[in-house]
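Working notes for the structure below.
The values are calculated or read from the model by the stated rules, or taken from the named source; none is laboratory data. Keep in mind it's a predicted model, so treat the numbers as computed, not measured. Don't worry about glycine lacking a Cβ; one is built from the backbone with ideal geometry, like all the others, and counts go over all protein chains shown. Calculation scope for accessible area: heavy atoms of the full protein, side chains included, ligands and nucleic acids excluded. Shrake-Rupley method; radii C 1.70, N 1.55, O 1.52, S 1.80 Å.
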Amino acid sequence: MMHKRNRKNRNRTLHIGLMAVLLSAAYTSSQTGWAASGSAAAAAASASGVTFNQADAGLTGDTSSGHEHHHAHEEGHNRSTSVQWSFLPSQPEAGNSAAIQLNFKDAHGRPVQSFALNHEREIHLIAVSSDLSEFQHLHPVDEGQGHFTVETVFPKGGAYKLFADFVPVGGTHQVAQTEVTVAGKTAAAVPLVPDKKLVKTAENTVTTLQTGERKAGKETTLAFSFKDAKTGKPVQDMEPYLGAAGHVVIISSDLKHYLHVHPKEGQTAGPEALFAATFPAPGLYKVWGQFQRHGDQFTASYTIKVGE
């Protein structure tokens with residue numbers, strides 16, 4: 001009888017101990033689940049950040065250290081990188097120096113540590129006024145931990161659109177964009193009208209643009225040729241700009257389509273530079289060709305119409 005009672009007590013003790021272990025495991029598993037869920041929610045909230053109100057011309061969002069922030073995602077196929085933009089001052093003023101700051105985060109919210117060099121630069125930043133009359137090609141400086149900054153002066157007040165294109169190491173080419181309203185004196189919008197002649201003169205160089213058939217969705221050749229403004233002879237002393245014969249940026253009149261085009265392979269700086277471009281939709285486009293001669297970089301811009 002005593003042996004049976006002791007065995008029964010031991011079994012009860014084992015049963016109670018096992019129940020305690022199971023309850024503890026269930027509680028721990030549940031807690032781990034809550035914690036994981038909470039972390040995911042926090043990460044999602046952090047990743048989503050605040051968004052740009054497209055109905056507005058300025059930035060909306062949380063203010064931190066006097067800066068306004070928002071997230072803009074690239075338009076390419078790879079959407080793993082987000083860019084947080086900020087300005088100092090928070091609203092730039094025409095004619096005064098302003099800092100543009102970009103923070104790059106991966107899909108897990110961690111700083112993007114390295115970028116591939118794309119024509120001698122990690123980041124190409126294009127800033128244009130809403131009427132496309134103002135154009136800047138900037139190169140933000142790497143401050144470490146995915147943070148880049150560059151200073152510029154916006155020449156007039158009003159709305160601007162900014163495009164940053166980059167290639168994270170191990171990733172694909174991506175483009176992020178944002179908008180900002182610049183305070184100060186504004187100017188009447190410059191109407192965008194197709195150029196009758198695609199000929200521009202800058203830095204004693206006459207730059208002529210010839211194109212193939214300009215039809216949406218079809219690749220066409222953009223051929224730039226250079227002549228000396230004084231002699232009228234083909235230029236033989238063109239120089240590479242950022243390691244290439246030149247660079248071409250193309251933006252649609254509605255600011256929806258952005259192309260950063262590089263020369264065809266195998267070209268060196270010469271009296272002609274050839275580019276291939278595919279216009280995504282019909283309409284008006286502004287084309288900026290950037291080249292270098294005698295150590296001076298110059299830009300020739302053209303407005304063209306693309307058919308269906």
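Does His294 qualify as being buried (at least 17 other Cβ atoms within 10 Å of the Cβ) and not charged (D, E, K, R)?
No; evaluated as a whole, the condition is false for this residue.
Of everything in the range 86-100, what is surrounded by fewer than 19 Cβ atoms within 10 Å (Cβ to Cβ) and either under 16 Å from Ala164 (Cβ atoms) or out of contact with any Pro (no Cβ under 8 Å at 6 or more places or on another chain) (or both)? Give them in sequence order.
Result: Leu88, Pro89, Ser90, Gln91, Glu93, Asn96, Ser97, Ala99.
Residue-by-condition table, conditions (1) over 15 Å from Val83 (Cα atoms); (2) in contact with a Leu (Cβ under 9 Å, 6 or more places away or on another chain):
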position	(1), (2)
His124	no, yes
Asp131	yes, yes
Phe135	yes, no
Gly146	no, yes
Lys156	yes, no
Lys161	no, yes
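From the list Ser82, Ser86, Ser133, which one is in contact with a helix residue (DSSP H, G or I) (Cβ under 7 Å, 6 or more places away or on another chain) and either at pLDDT 95 or above or of a type outside the set (A, V, I, L, M) (or both)?
Ser82
Between Ala164, Ala189, which is among the hydrophobic types (A, V, I, L, M, F, W, C) and surrounded by fewer than 17 Cβ atoms within 10 Å (Cβ to Cβ)?
Step by step, each of Ala164, Ala189 is checked, and only Ala189 is among the hydrophobic types (A, V, I, L, M, F, W, C) and surrounded by fewer than 17 Cβ atoms within 10 Å (Cβ to Cβ).
Answer yes or no as to whether Gly33 is at pLDDT below 95 and in contact with a Gly (Cβ under 9 Å, 6 or more places away or on another chain).
no
Of all residues in the range 249-273, count the ones that are part of a strand (DSSP E or B) and either open to solvent by 50 Å² or more (accessible area, probe 1.4 Å) or without any contact (Cβ under 8 Å) to a residue 12 or more places away in the chain (or both).
Of the residues in the range 249-273, 1 are part of a strand (DSSP E or B) and either open to solvent by 50 Å² or more (accessible area, probe 1.4 Å) or without any contact (Cβ under 8 Å) to a residue 12 or more places away in the chain (or both).
Condition check: out of contact with any Pro (no Cβ under 6 Å at 6 or more places or on another chain) and either in contact (Cβ under 8 Å) with a residue 40 or more places away in the chain or open to solvent by 50 Å² or more (accessible area, probe 1.4 Å) (or both). Does Thr278 satisfy that?
yes
Output the number of residues of the range 137-149 satisfying the condition of being open to solvent by 20 Å² or more (accessible area, probe 1.4 Å) and either over 18 Å from Ser252 (Cβ atoms) or more than 18 Å from the chain's Cα centre (by Cα) (or both).
Of the residues in that region, 9 qualify.
Pull up the range 104-120, narrow it to residues that are within 29 Å of Glu265 (Cβ to Cβ) and touching a residue at least 60 places away in the same chain (Cβ under 8 Å), then point me to the one that is surrounded by the fewest Cβ atoms within 10 Å (Cβ to Cβ).
Glu120
Across the range 192-204, what is the number of residues that are under 21 Å from Leu138 (Cβ atoms) and open to solvent by 40 Å² or more (accessible area, probe 1.4 Å)?
Qualifying residue count for the region: 1.
Can you tell me which residue within the range 205-230, out of those that are of a type in the set (S, T, N, Q) and open to solvent by less than 90 Å² (accessible area, probe 1.4 Å), is farthest from Phe298 (Cα to Cα)?
This residue is Thr220.
When only residues in the range 176-186 that are in contact with a Gly (Cβ under 8 Å, 6 or more places away or on another chain) and modelled with pLDDT of 95 or more count, which is surrounded by the most Cβ atoms within 10 Å (Cβ to Cβ)?
Per the stated criteria, the residue is Val182.
For the range 157-199, name all the residues that are charged (D, E, K, R) and not in a loop (DSSP other than H, G, I, E, B).
Result: Lys161, Asp165, Glu179.
Mind listing just one residue for me: the one in the range 233-248 that is open to solvent by 50 Å² or more (accessible area, probe 1.4 Å) and outside any loop (DSSP other than H, G, I, E, B) and, of those, farthest from Leu162 (Cα to Cα)?
Among residues in the range 233-248 that are open to solvent by 50 Å² or more (accessible area, probe 1.4 Å) and outside any loop (DSSP other than H, G, I, E, B), the one farthest from Leu162 (Cα to Cα) is Pro234.
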